[in-house]
Amino acid sequence: MRILFVAHGPAHVPWTVPLAWAAQLAGHEVRVAARPQALPKVAEAGLIAVPIGAAAAGDAFARWAAPPSGSRARRVPAQWPSGPLNWAEEKRLSWADQVLALADALADDLVAYARWWRPQLVVHDVGAVAGLVAAEAAGVPAVAHNWCQPLGLYFLHEEEVPPAYERLFQRFGLRPRIGGDVWIDATPPSLAVSHPVPRLPMRYTVYNGPGALAAWTAADPERPRVCVTGGIATDAAGGFARQLVTEVADLDVEIVLALANPVVLGGAALPANVRLTRPVPLGALLGTSAVLVQHGGAGSSMTALARGVPQLVLPEASATTQSLWADQIAAAGAGRGLLPAERSPGSLRAALLDLLHRPEYAARALGISAEIAAMPSPAELIRNLETRVAAS
């Protein structure tokens, strides 16, 4: 079977890799379509990349800012559940214009490739709406791959479909796909949020990209190790990393700063208990870490949960997917979350000491790790997808 994966951006590619490799190991032929900014991440994973779109489209996507919510027609059906879903639905609507503009810039290349290569299944990131167009052009099933968040672009009802979505299909002579989609979801039960889209559960398999481990990672630390990261594709750790190293300089801990761009530290001298390292695969580093301090990235959050490591989540702003991670992890008892307004002097030190000294955080993180391990593996999910394609 030929399976076309459609990636969204560099930070989302790692979510695709385990399932893409499971498909290849099951004997299927795999291609990963990605815009220029994400191509290196696909190549690093040893997968065959298909370039789509121009770099300018990805740059425009990154710069885009949502208009005020009052200027958009609200299309959330009244019968949908309340709570976190409402937040996600409002984000979906504000994100729709941005994601559809990107899809419009990618669709020509992707549809042309799908019509030539003739995949039998399209697996697309929930942010890569062009994947739905490609599946319709090829006349094959499409399955979305989410990143453990209720946020994603989908339309289950005719009345909520914006004209831009319809035009995206119509320019290729296709009918818009509305409803009937399903999401592959690695969210463990303790963090699950009610959602109207049908889900296929899949175990989160840690993949943080390639890298070489330094010799010091092959020995147990002499004191509790605290790993600090801003993710593989952001500089988000800059502000809170500077505050953290200042506040814990006198503690008997080892702080490991695994930063994508050390420049965010501003050239400040580091205390003796701080080690600065190039980014290394986070899953390997967490094997010897007592706590992870991070920005609320989906990959960082799930890697720590899979490894059973409690975490301090420090999102850049409120009302973002990062702040949702902070709320979910705190509510699950696997860590703490602090918004920028809550980070008074000494607050990071106090939160870190709380995580280190109260064993219930580690116990809860280990419990969620067990939940993840019990979910169907990517290999099992591939068998499910094979059945779906055979029945289509």
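The values are calculated or read from the model by the stated rules, or taken from the named source; none is laboratory data. All values derive from a computational prediction rather than experimental measurement. Here the Cβ positions follow ideal geometry from the backbone for every residue, glycine too, while neighbour counts run over all protein chains shown.
Observations on the structure shown:
- If only residues of the stretch 211-239 that are in contact with a Pro (Cβ under 9 Å, 6 or more places away or on another chain) and either modelled with pLDDT of 90 or more or part of a helix (DSSP H, G or I) (or both) are counted, the one that is farthest from Ala43 (Cα to Cα) is Gly239.
- Residue in the stretch 132-143 that is at pLDDT below 95 and in the same structural domain as Ala7 (by TED's automatic domain parsing) present: no
- Filter pass, Trp147 being under 30 Å from Pro279 (Cβ atoms), in contact with a strand residue (DSSP E or B) (Cβ under 9 Å, 6 or more places away or on another chain) and surrounded by fewer than 21 Cβ atoms within 10 Å (Cβ to Cβ): no
- Residue match in the stretch 51-73 (condition: on the phi < 0 side of the Ramachandran plot, at pLDDT 95 or above and surrounded by 19 or more Cβ atoms within 10 Å (Cβ to Cβ)): yes
Yes/no matrix, rows are residues, columns are (1) surrounded by fewer than 17 Cβ atoms within 10 Å (Cβ to Cβ); (2) among the aliphatic types (A, V, I, L, M); (3) within 18 Å of Leu292 (Cα to Cα); (4) touching a His at 6+ places or on another chain (Cβ under 6 Å):
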{"position": "Gln328", "(1), (2), (3), (4)": "no, no, yes, no"}
{"position": "Gly333", "(1), (2), (3), (4)": "yes, no, yes, no"}
{"position": "Leu338", "(1), (2), (3), (4)": "no, yes, yes, no"}
{"position": "Leu348", "(1), (2), (3), (4)": "no, yes, yes, no"}
{"position": "Leu352", "(1), (2), (3), (4)": "no, yes, yes, no"}
{"position": "Ser377", "(1), (2), (3), (4)": "yes, no, no, no"}
{"position": "Glu380", "(1), (2), (3), (4)": "yes, no, no, no"}
{"position": "Leu385", "(1), (2), (3), (4)": "no, yes, no, no"}
{"position": "Arg388", "(1), (2), (3), (4)": "yes, no, no, no"}
